[in-house]
Structures are given as structure tokens and as C-alpha cells.
Amino acid sequence: MRNKTAVLHGVRDLRIEDREVPRPGPTEVVVQVEAVGICGSDIHYYEAGRIGEHVVRAPMVLGHEAAGTIVAAGDQVPPERIGQLVALEPGVPDGTCSQCRAGRYNLCPNVAFFATPPVDGALAQYVAIHERFAHPAPAGLTAEQAAMAEPVSVGVSACRQAAVRPGDRVLVTGAGPVGLFAAQVGRAFGATEVAVLDVNKHRLAVARELGFATLPAGVEKRQCFDVLIECSGAPAAIADGLERLSPGGRAALVGMGPQLVQVPLQAIQNRELTLTGTFRYANTYPLALSLLSSAAVLTGPVITHRLGIDDAEAALQLAHTVPDSLKAVVTP
Ligand SMILES: NC(=O)c1ccc[n+]([C@@H]2O[C@H](COP(=O)([O-])OP(=O)(O)OC[C@H]3O[C@@H](n4cnc5c(N)ncnc54)[C@H](O)[C@@H]3O)[C@@H](O)[C@H]2O)c1
Ligand SMILES: [Zn+2]
């Protein structure tokens, strides 16, 4: 085997293939991948072959939460980058369209994003990427921590969109990996109260382990939060969370739910709530890596499973086989 790669051929059809080690283009680096987090979207492509309009029509490599060591560099890349541990930012935009020029490169219509059809992901031993999207990990960070810069970036983006400020009281709905990282980012942004709401007891226990107050779903709705970071996509949580915001409150909607959901109109109007969507992230990786490096954001309680690439399929099935699992990391 030269470049073991986990390739999705169809619904529940994942094959480990021997592929060529990529050669770097002039502005690219080749990274020996050391850790790839498994995300809900990878699981969804594996189970359903599609996410909405994104349909897997040809074999596709999964994985977009990756980190590893640079082993080769293109002509235009400083050769001293070889040997660096880097976190791979998985979406490379065109850099020229109006969204890119406005600084919102996450909204670039021409972005090539790992493991979003038809773009291959990073669940392989070697992968090539534009050098600017290979972010150096601070000294002391492990590859596994660096890989978590991806879901941490989602939290950074959400906390920026909702303008989390020192002293804010933040509610995070949904204590999956995204919510647990977003809650930690909110605390790092200066929130003095961060509460987490979920319907899953195990996940609430992890939130408590990370030092957060927890609310079981359905408890009395008091208006005692300045910010909602919605990370479940559950219509009930979206409505509940908004009801709990104080006047002037801000909500960032991260969780992906049904196309249409009901929101409490009077609360939004009478309390002048601000709602914003968030789509991935832009300009977050250096900060996400710093938060991980300073231990403001911990990965320990979130990463529950570690598997080799030959067991990538088991990693994709964990959410169902081990209900207490949170984040699995595959080591290619
Ligand atoms: N907007 C983006 O760019 C972006 C990026 C990454 C992930 N996401 C989305 O963020 C969400 C979270 O991702 P994840 O990987 O943590 O998913 P996850 O499925 O592991 O976590 C969702 C959590 O929500 C909880 N939940 C379900 N119903 C609830 C309710 N009524 N009240 C409170 N909690 C409830 C579940 O128990 C679970 O713990 C997903 O919807 C995902 O698609 C969005
Ligand atoms: Zn663009």
C-alpha cells in the first residue's frame, strides 16, 4: 500500500484503496495525514449517499477534519515548511469572486471543500492542499488536537456572528461535538455564564465535565440569556432557545434542521432579537488553533474513540453502535 485511502463508493459501501501519493502543485503541500475527525456529514454521506442537493455520484474520499505533517512542497512554497505539523482548512475558495473579496470566502460559490461531492476528502495517508490552507499548529499541539480546529472553527464563527462579548450569558442548544466546542469558545470569548441544553443525558454529563451548567430540555423558559448558539438543528430547541433570550439577544443558528421551522415571532419582535445563520467559517483557523493550544478549548472529553484507517467504516457506524460516542478520530 502506498496511500491507503477510505473511498465511499455508494450507500454503506466504503472501501480502503491503494492510491497514488499526490504530487504537490506549485502552491501546494503534501501532508502525511495523522488524524481525521469523523463528522456527522461523513456519516450522512455513508448512510444516505447525499446531503440535500449534494449527491455522491462518483466514488469520493470522506473526511474533512484533518491534520498531519508536511512531507513535500511545491516550487512556490518555502521549503522550510516541510516537517511542519499543520491543520488542514478543508474549504479552498477561488479567492477572486465578490464574496471572497468581501472577506466571506466561506460563501464563495466556487469553494472546493473536502468530502463534499465531487471533491475528495482527507481520509487518506497523504493529501495535497494549497499551502495557505495548511495552518501551522502551535508547538506542543497533537495532530488530534489540530484536527479539531475544524469543528472548533464552527464555534468561533458562530460566536463571532452572535458577537459574544465579555460578561455575556450564553445558551448552547445541542451538546454534540459542535455544541461542546462552541460552548468552550463562548467561554473563551468572555461569556461569564454558559449553559448547555440537550436531550441526551450522556452528552449533558460531558458538558458538566467541561464545567458548564446544563439544562434538561423543557424546563421553564426564562429570559436569561444574551446569546443563543443553536447547535442541534432541532425545531424544538430553536424555538426554546429563542424564547430564553433577553431583550436585544442574539442567536447564531448552526444546527442544520428541516427546511422550514417555526420561530416565536412575538419574542423576536418584542425583544428585538437578532438571528443569523452561519455557514462553516472564514479566517478562524489561527484562532481555533490558539484556543486549543492554550487549553481554552479541550478536546479530551469530546474525542471518545480512536481507530486506524482500516477501521474507518466502524468509525462511521459508531454513532449507532455506541450511543455514548461523541467524536471518533481516525489515524491513517
Ligand atoms: N452551519 C454549519 O456550518 C455547520 C457546521 C458543522 C455542523 N453543523 C450542524 O451542527 C449540528 C451539530 O453538529 P454535531 O456534529 O455536534 O451533531 P450531533 O448530532 O452530534 O449533535 C446534535 C445534538 O443535538 C441534540 N438535540 C437533539 N434534539 C434536541 C432538542 N430538542 N433540544 C436540545 N438538544 C437536542 C442531540 O441529542 C445531539 O447531542 C448539526 O446539525 C450539524 O449538521 C453546521
Ligand atoms: Zn470566491
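Can you tell me which aspartates and glutamates have their Cα less than 14 Å from the Cα of residue 201? Leave out same-chain residues fewer than eight positions away.
Excluding near neighbours in sequence, the set is 209, 324.
When the C-alpha atoms of the chain are aligned to their principal axes, what extent does each axis show, in angstrom, from largest down?
For the chain, the Cα extents along the three principal axes come out at 59, 41, 37 Å.
Would you please state which residues of the stretch 62-91 a label at residue 54 would reach in this model, taking the label point 7 Å out along Cα→Cβ and a backbone N cut-off of under 12 Å?
So the set is 62-65, 90-91.
Stretch residue 132-residue 294 to full length: gain in nm at 0.36 nm per residue minus the Cα-Cα span?
56.0 nm
Net charge within 11 Å of residue 227 by Cβ-Cβ distance, Lys/Arg positive one each and Asp/Glu negative one each, not counting residue 227 itself? Spell out each step's value before the answer.
Numbers: positive: 165, 169, 244, 250; negative: 168, 193, 226, 230.
Around residue 227, the surrounding residues sum to 0.
How far apart, in nm, are the 7 Å Cα→Cβ label points at residue 13 and residue 96?
Rounded to a tenth, the inter-label distance reads 3.7 nm.
Residue 327: which aspartates and glutamates have alpha carbons under 15 Å from its alpha carbon, excluding same-chain residues fewer than 8 sequence positions away?
Partners found: 42, 65, 144, 150, 311, 313.
Can you tell me how the stretch 133-272 classifies by the Cα gyration tensor, rounded, prolate or oblate, using a/c under 1.5 as the rounded cut? Present the calculation step by step, with values, prior to reporting the outcome.
Numbers: a/c = 1.75, a/b = 1.65, b/c = 1.06.
Here the stretch 133-272 falls in the prolate category.
Applying 1/(1 + (r/R0)^6) with R0 = 25 Å to the Cβ-Cβ distance of residue 192 and residue 260, what FRET efficiency is obtained, to the nearest 0.05?
Numbers: r = 35 Å, r/R0 = 1.40.
E between residue 192 and residue 260, to the nearest 0.05, is 0.10.
Modelled label-to-label distance, residue 279 and residue 112, 7 Å Cα→beta-carbon offset: nm?
Rounded to a tenth, the inter-label distance reads 2.0 nm.
How much net charge surrounds residue 176 when only the other residues with a Cβ under 10 Å from the Cβ of residue 176 are counted, with Lys and Arg +1 and Asp and Glu -1?
On the way: positive: 203, 327; negative: 198.
Local charge sum for residue 176: +1.
Along the stretch 134-143, what does the Karplus equation 6.51 cos²θ - 1.76 cosθ + 1.60 (θ = phi - 60°) give for ³J(HN,Hα), rounded to whole Hz, x for Gly and Pro?
In residue order, the calculated couplings are 10, 8, x, 7, x, 4, x, 6, 8, 4 Hz.
Measure off, as a whole percent, the carbon and sulfur share of the 1.4 Å-probe accessible area of the stretch 153-277, all protein chains present. Mind showing how you got there, number by number?
Working: 2860 of 5500 Å².
Carbon plus sulfur share of accessible area: 52 percent.
With every protein chain present, what is the per residue accessible area of the stretch 153-277 (1.4 Å probe, Å²)?
In whole numbers, the stretch 153-277 has 44 Å² accessible per residue.
Just how many % of Cα pairs in the stretch 238-332 lie over 24 Å apart, if you round to the nearest whole percent? Show your work: numbers first, answer last.
Values: 2313 of 4465 pairs.
I get 52 percent for the Cα pairs in the stretch 238-332 exceeding 24 Å.
Does the stretch 13-62 come out rounded, prolate or oblate, given a ≥ b ≥ c as the square roots of the eigenvalues of its C-alpha gyration tensor, rounded meaning a/c under 1.5 and, failing that, prolate meaning a/b above b/c? Mind showing how you got there, number by number?
Working: a/c = 1.95, a/b = 1.86, b/c = 1.04.
Prolate shape, in that a/c is at least 1.5 and a/b is the bigger ratio.
Run lengths n ≥ 4 of DSSP H only: what is the helix-derived mean residue ellipticity at 222 nm for the chain, with -39500 (n - 2.57) per run over all residues, to the nearest 500?
Value at 222 nm, helices only: -7000 deg cm²/dmol.
What percentages make up the Cα-Cα pair-distance distribution of the stretch 1-123 when the bins are 10 Å wide from 0?
Once binned at 10 Å, the Cα pair distances of the stretch 1-123 give 13, 37, 36, 12, 0.
With a sphere of radius 13 Å drawn around the Cβ of residue 151, what net charge do the other residues whose Cβ falls strictly inside it have (Lys, Arg +1; Asp, Glu -1)?
Numbers: positive: 280, 327; negative: 42, 65, 89, 144, 150.
Summing Lys and Arg as +1 and Asp and Glu as -1 gives -3.
With a ≥ b ≥ c taken as the square roots of the eigenvalues of the C-alpha gyration tensor of the stretch 163-243, please select rounded if a/c is under 1.5 and otherwise prolate if a/b is larger than b/c or oblate if it is not?
Working: a/c = 1.55, a/b = 1.14, b/c = 1.37.
Cα axes put the stretch 163-243 in the oblate bin.
Counting DSSP beta bridges with both partners in the chain, what percentage is antiparallel, nearest 5?
Restricted to the chain, the bridges split so that about 55 percent are antiparallel.
Between residue 224 and residue 269, what is the FRET efficiency for a Förster distance of 25 Å, r being their Cβ-Cβ separation, to the nearest 0.05? Walk me through the intermediate numbers first.
Working: r = 20 Å, r/R0 = 0.78.
Once rounded, the FRET efficiency stands at 0.80.
The values are calculated or read from the model by the stated rules, or taken from the named source; none is laboratory data. Values in this document were obtained by computation on a predicted structure and should not be read as measured data. When we count neighbours, we look across all protein chains shown, and the Cβ atoms used for this are built from the backbone with ideal geometry, even at glycine. Heads up: the accessible areas ignore ligands, DNA and RNA and are worked out on the full protein's heavy atoms, side chains in. Shrake-Rupley method; radii C 1.70, N 1.55, O 1.52, S 1.80 Å.
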